[in-house]
Amino acid sequence: SMSTMVYPREEKLDKLSQEEIISNTKLVMQGLEALKNEHNSILHSLLETIKCLKKDEEANLVHEKSNLLRKSVEMIELGLGEAQVMMALSNHLNAVESEKQKLRAQVRRLCQENQWLRDELANTQQKLQRSEQTVAQLEEEKKHLEFMNQLKKYDEDVSPSEEKEGDSAKDSLDDLFPNEEEEHGPGLPHQHSSAVAAAQQGGYEIPARLRTLHNLVIQYASQGRYEVAVPLCKQALEDLEKTSGHDHPDVATMLNILALVYRDQNKYKEAAHLLNDALSIREKTLGKDHPAVAATLNNLAVLYGKRGKYKEAEPLCKRALEIREKVLGKDHPDVAKQLNNLALLCQNQGKYDEVEYYYCRALEIYESCLGPDDPNVAKTKNNLASCYLKQGKYKDAEVLYKEILTRAHVKEFGSVDDEHKPIWMHAEEREEMSKSKHRDSAPYAEYGGWYKACKVSSPTVNTTLRNLGALYRRQGKLEAAETLEECAVRSRRQGIDPINQTKVVEILKEGDGTERRRSLGGSVKYENATDGSEE
């Protein structure tokens with residue numbers, strides 16, 4: 001009966017599914033159990049029969065039958081064991097199949113994510129390529145526009161100092177980074193570590209991702225691409241508020257960056273709102289005497305100053321000064337920066353005694369900390385000279401202008417002697433010769449050669465040449481003024497075409513008092529607006 005139960009099914013095993021095999025195995029197990037019980041029962045009856053039999057032949061026959069039954073029972077038990085192994089194997093296969101399905105689902109998801117990332121990468125690469133092409137085009141357009149702008153300025157008879165005002169928007173980009181305690185101009189690279197340490201002592205350090213974002217914003221804003229810079233800032237701000245909440249230092253940093261982009265667009269109302277919000281967050285999270293609070297106060301003061309609200313800006317600037325003096329010490333270069341800003345605000349209100357005090361103190365700090373050749377020394381002297389001009393102290397201003405030019409000369413040649421004289425000495429010598437009717441017929445290259453050899457390309461020194469030239473004009477020293485102004489023009493625009501060169505010389509040679517006053521006033525305005533108002 002066992003053979004008829006098992007073998008026909010084995011022929012069809014290759015055609016059965018797993019569920020059918022398991023079902024048949026269970027049936028076979030039931031049959032084997034019944035067969036086992038039946039064999040055990042027969043074996044038991046045979047054993048009883050052996051006990052009753054007396055004849056050896058019959059007993060031997062029964063013994064053979066009982067041995068056969070025992071072997072049959074062993075085979076049945078072996079079959080049952082194999083069936084149990086198959087059942088266990090089935091359970092294991094089910095578990096493996098389930099795990100395989102999970103892994104397949106993960107693989108599908110990873111494939112989808114990979115494809116999405118590939119698509120994103122391809123799109124980003126296309127955008128980058130387009131952006132690079134656009135940047136190259138914009139660079140060319142920018143160079144062309146700058147060239148045309150220079151020509152236009154001379155055509156419109158604009159004074160040399162006013163020519164610089166068009167660069168103020170670019171200068172303001174230097175102030176985009178909200179934490180000025182961690183940002184320094186070209187003259188202050190070695191102060192970075194101490195400022196960072198001060199910020200870290202306050203328990204907050206600007207995250208690297210925000211620094212990277214700041215660099216991106218500078219790049220876009222410098223290209224005038226505010227339609228890219230502003231959404232970039234807004235998206236970052238939204239993400240930060242979702243992850244960190246509104247009252248977080250990172251959110252305040254992002255508000256500062258966005259505010260200064262708005263300020264660069266002359267959107268002063270929106271910028272003021274953001275800066276006040278940033279100030280509130282930083283005071284709440286970092287404390288009222290943290291360097292980051294001073295940075296925000298300074299930005300807010302500069303913003304009010306640009307809007308002409310000097311009285312509202314002054315207390316903010318003074319509070320920023322107090323914080324920086326407290327955190328960094330009274331002789332730190334960042335304190336000198338703040339003093340420059342405060343002096344400019346006071347100058348616009350006519351508080352000249354305070355202006356002189358603040359500029360002189362800033363000058364002492366720069367000279368003691370950074371040395372007499374640091375660019376900030378020349379800038380501050382220029383600012384102080386412009387303050388003297390507004391008060392009519394022309395002699396004091398002239399002394400400062402000459403100091404700046406002499407220092408630039410000494411830095412290059414090491415000393416002042418008969419062979420190496422500062423440019424203002426050359427100018428005054430030409431003035432004396434012109435008055436004694438022995439005009440120097442030497443070509444201009446003799447004087448321009450000094451300026452070229454000195455390799456002075458600093459806007460501050462260039463402005464000093466123009467301002468001192470304007471002073472000479474006021475004193476009637478037209479030849480000296482022309483020498484300085486022509487030197488400044490040639491140093492700034494090498495290879496100027498003859499037509500415009502003639503135009504410049506005509507402008508500088510004009511003796512009209514109104515023109516001289518306008519040139520002088522413009523110089524003062526430019527030097528303070530650019531070098532004094534922002535860090």
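The values are calculated or read from the model by the stated rules, or taken from the named source; none is laboratory data. Predicted model only: the values in this text are computed from it and were never measured. Cβ sites come from the backbone with ideal geometry, for glycine too, and all protein chains shown count toward neighbours. Ligands, DNA and RNA are stripped out before the accessible areas are found, and what is left, the full protein with its side chains, is counted by its heavy atoms. Shrake-Rupley method; radii C 1.70, N 1.55, O 1.52, S 1.80 Å.
Odds and ends about this structure:
- Plainly put, the stretch 224-285 has a radius of gyration that is 0.98 times its Kirkwood radius, both from alpha-carbon atoms, as the Rg/Rh ratio.
- Each of the peptides 389-399, 373-383 was scored by the mean count of other Cβ atoms within 10 Å over its residues; in descending order, highest first, they stand as 373-383, 389-399.
- Pair VAL107, GLU140: separation of 7 Å Cα→Cβ label points (nm): 5.2 nm
- Per-residue ³J(HN,Hα) for the stretch 308-319, Karplus 6.51 cos²θ - 1.76 cosθ + 1.60, θ = phi - 60°, Hz, x for Gly and Pro: x, 8, 6, 5, 5, 6, 4, x, 5, 5, 5, 5
- In the stretch 19-147, the alpha-carbon atoms span a convex hull of 106 Å³ per residue.
- For the stretch 348-365, 3J(HN,Hα) per residue [Karplus equation, 6.51 cos²θ - 1.76 cosθ + 1.60, θ = phi - 60°, Hz, x = Gly/Pro]: 5, 9, x, 8, 6, 4, 5, 4, 4, 4, 5, 5, 5, 5, 4, 4, 4, 5
- Working from label points 7 Å from Cα in the Cα-to-Cβ sense, the PHE147 to ILE21 distance is 8.4 nm.
- The convex hull of the Cα atoms of the stretch 218-350, projected and averaged over all directions, covers 8.2 nm².
- Alpha-carbon centroids, the stretch 214-238 and the stretch 286-302: separation in whole Å: 22 Å
- Distance in nm between pseudo-label sites at LYS51 and LEU117 (7 Å out along the Cβ direction from Cα): 8.0 nm
- Per residue accessible area in Å² of the stretch 287-371, where ligands, DNA and RNA are left out and the probe is 1.4 Å: 37 Å²
- The stretch 224-285: relative contact order in percent, alpha carbon pairs under 8 Å with at least 6 residues between: 35 percent
- Relative packing of peptides 227-237, 459-469 - highest average C-beta neighbours within 10 Å first: 459-469, 227-237
- Of the solvent-accessible surface of the stretch 224-285, computed with a 1.4 Å probe over protein heavy atoms with every protein chain present, carbon and sulfur atoms account for 50 percent.
- Extension gain, SER436 back to GLN84 (0.36 nm per residue minus Cα-Cα distance, nm): 114.0 nm
- Note on the stretch 287-371: along the principal axes its Cα atoms extend 33, 33, 15 Å, ordered by decreasing extent.
- Per residue solvent-accessible surface (Å²) - the stretch 19-147, probe of 1.4 Å: 79 Å²
- Accessible surface ranking for HIS248, HIS409, 1.4 angstrom probe, highest first: HIS248, HIS409.
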